[in-house]
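Notes to accompany the following structure.
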Amino acid sequence: MNTNDLIASLGADMTPVRPGLLTNGVMLGLAGGTALTAVLFAVLWGVRSDPAAIYGNMPLLAKTLLPLALGAIALPWMLAQARPAGQSRTRHAIWALPAVLALLVAATLLTTPGPSWSMALQGKSIMTCLVSIPVLSAPILAALLVALRRGAPEHPMRCGMVAGLTAAGFAAAIYSLYCIENSPLFYGTWYTLAILGVAGVGAIAGRFALKW
C-alpha cells in the first residue's frame, strides 16, 4: 500500500466530531452538577432566615456576587484549557475579583474598630464554611471532570484546577445564601481558602482524570 492509499484508508475510518460537543457536554455537566448541589444545599443547609438583608447591603451582596463571578469567569477559561493550546482572555479578568475583595476588606478595616477585627475575622462558623464549600463543590467538580474527558487538555492539572475554581465559585455563591457571617474579613479569608482547596483537589484529580 502506497502512502496515498494509507492516508485515504485512515481518513475513511475517521468519524467527524460534532461541533460544540465539548462545550455542550460541559454545560450539561455544569447544569447537572449544580442541580445536585442545589438539592444537597436545600436538604442540609437552606437559605438564611433573613435573605432580604443580603440585597440591601453591598458587602453581603458581594459575598454572593464575587464567587458567582469567579465561576462565570473561570468557565470559559476551563473550556479553553480543555483544548490543545487553548487560550482564554477571561483568565486575566479573574484578577479583578481579588482586587474588589481587597477594597471591601480595606473599607471594613477603616470602618470597624480595631478590637472588633478579630471577632469579624473569626466569626462563628469557620469550620462550617471550610467544610461546606468543598462538599457543595463536589457534585459540580465531578460532573465537570467527566465532561472534560471529551476534550484534550494540554495541561491536565491546570485544566482540573480551573474546573475546581469553576465548581467552587458556583458552590460558594450557593453556600453564601446560608452563611450568617456578614464581614468581608470573614468571607474574604475563609471562602478564599475553601475555594483554593477545591482548586487544588481539581488539579490533582485533573492530573489523572484528564490525562490523554
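What to note about this one:
- Max mean-square fluctuation residue, GNM over the chain, Cα-Cα springs under 10 Å, options S118, S88, S183: S118
- Principal-axis tilt of helix 58-81 within the chain, Cα atoms, nearest 10 degrees: 10
- Segment 88-161: C-alpha gyration tensor shape, a/c 1.5 cut-off, then a/b vs b/c: oblate
- The order of the peptides 41-54, 73-86, 153-166, 122-135 by mean Cβ neighbours within 10 Å, most packed first, is 153-166, 73-86, 122-135, 41-54.
- Magnitude of the charge dipole, the chain, Cβ model with Lys/Arg +1 and Asp/Glu -1, debye to 20: 100
- MRE, 222 nm, helices only [DSSP H, n ≥ 4, -39500 (n - 2.57), over the chain, to nearest 500]: -23000 deg cm²/dmol
- Measure of compaction for segment 19-209 (Cα Rg per 2.2 N^0.38 Å): 1.04
- In plain terms, the chain from K124 to L103 could stretch by 5.2 nm, reckoned as 0.36 nm per residue minus the Cα-Cα distance.
Laboratory data are not the source of any read-out in this text; all were calculated from the coordinates shown. Note that the structure is a prediction, hence the values are computed from the model and not measured. No Cβ is skipped: glycine too gets one built from the backbone with ideal geometry, and neighbour counts run over all protein chains shown.
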